[in-house]
1. What accessible surface, in Å², does a 1.4 Å probe find on residue 50, ignoring ligands, DNA and RNA and rounding to the nearest 10?
2. Relative to the present Cα-Cα distance, how much length would full extension add between residue 82 and residue 288 at 0.36 nm per residue of separation?
3. Report the antiparallel proportion of the DSSP beta bridges in the chain as a percent, rounded to a multiple of 5.
4. Run the dipole for the chain about the Cα centre, Lys and Arg Cβ at +1, Asp and Glu Cβ at -1, nothing else charged, and hand back the magnitude in debye, nearest 20.
5. Accessible area of residue 109, 1.4 Å probe, to the nearest 10 Å²?
6. For labels at residue 229 and residue 24 in the simple 7 Å Cα→Cβ model, what's the distance in nm?
7. Once each part is reduced to its C-alpha centroid, what is the distance from the range 119-175 to the range 184-222 in angstrom?
8. Going toward the positive end of the dipole of the range 129-266, with +1 on Lys and Arg Cβ and -1 on Asp and Glu Cβ, which of 160, 240, 194 do you reach last?
Amino acid sequence: MNPIIKAENLTFSYPGDEETKPVRALCGVSFEIPEGSFTAVLGHNGSGKSTLAKLLCMVNLPDSGRLWVAGREITSPDADESDVLKARRDVGMVFQNPDNQIVATIVEEDVAFGCENLGIPPAEIRRRVDDALAAVGMTEYARKQTYNLSGGQKQRVAIAGTIAMNRRCVIFDESTAMLDPMGRREVMEIIRKLNREQGVTVLLITHHMNEAALADRIIVMNEGAIYLDGSPRDVFGNPAAMWAAGLDVPQTTELAYKLGKHGVDVPLDLFDPDACAKAVADAVRRKRKPTGGGKS
Ligand code: ADP
Ligand code: MG
């Protein structure tokens, strides 16, 4: 199967002006994203995550390198406007600030906005908006004012907009960063459902290691390049590499790693706290057994 996104050696610099020097934000980034996959992108501030997201959404064009979206090379000298337009429809983005996502005063009008721009017939838009609102659990808010919604609800409305447009790939650029823990959980649940049930390819840029642990794959960016790329188990299984880049690992992984140093053997990839707690209890029991004489 064709990857939904293929990037080959992408570079990008922000041009400077009289007061600022040019900034090299990406230097030779290559990867393939299989359609239907769920990839988390980690990296500290300034590592190039948002710049990469903007290239993948065609907000900016790379300075060099090649980029394919759904099999069409949009960086090809032969690519015409319709190729770029199709690619732009396939890949959408949800940003960090819930207040910047909303363009209409009524929820269902906001969800319909993108479809209206695509010139989709009104009856079809109606159907898509209803389905999209149901998918994010916001049906009862269809006629409500958008300004009254919580941050998590606003992000769900923004996601409904991308569902209504039938996006094949959605990039979430720290879309949970400004939410409270409950809003974050709500939005993460919807993102996972979008991926699992609708087959939408998800790229999740996040600072939350427990969110990244839910992905099939983690790409770690550092200084404009890919630093690590693998399953959560591979990436977090090497906490020293993450720490060397100034990044965290999930708390369960850190605990397991430090227990390991004290001779208590717990897998590093039990990201669920309950599963980790059980493994710790089992490991401690195992460790006690030989000397405990079977009393406990
Ligand atoms: P991240 O999303 O990982 O925090 P960014 O992609 O936003 O990183 O930034 C990568 C680099 O590009 C940083 O050095 C940042 O300062 C610089 N940068 C980002 N946006 C701009 C801009 N609009 N103009 C100039 N430099 C920028
Ligand atoms: Mg960013």
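1. 40 Å²
2. On the way: separation 206, 0.36 × 206 = 74.16 nm, distance 6.75 nm.
That pair, residue 82 and residue 288, stretches by 67.4 nm at full extension.
3. 55 percent
4. Roughly 1460 debye for the chain.
5. 90 Å²
6. Between residue 229 and residue 24, the simple spin-label model gives 1.9 nm.
7. Each part's Cα centre sits 18 Å from the other's.
8. Farthest towards the positive pole: 160.
The values are calculated or read from the model by the stated rules, or taken from the named source; none is laboratory data. Predicted model only: the values in this text are computed from it and were never measured. Every residue, glycine as well, gets a Cβ built from its backbone with ideal geometry; the counts of neighbours run over all protein chains shown. Keep in mind that these areas ignore ligands, DNA and RNA; they rest on the heavy atoms of the full protein, side chains included. Shrake-Rupley method; radii C 1.70, N 1.55, O 1.52, S 1.80 Å.
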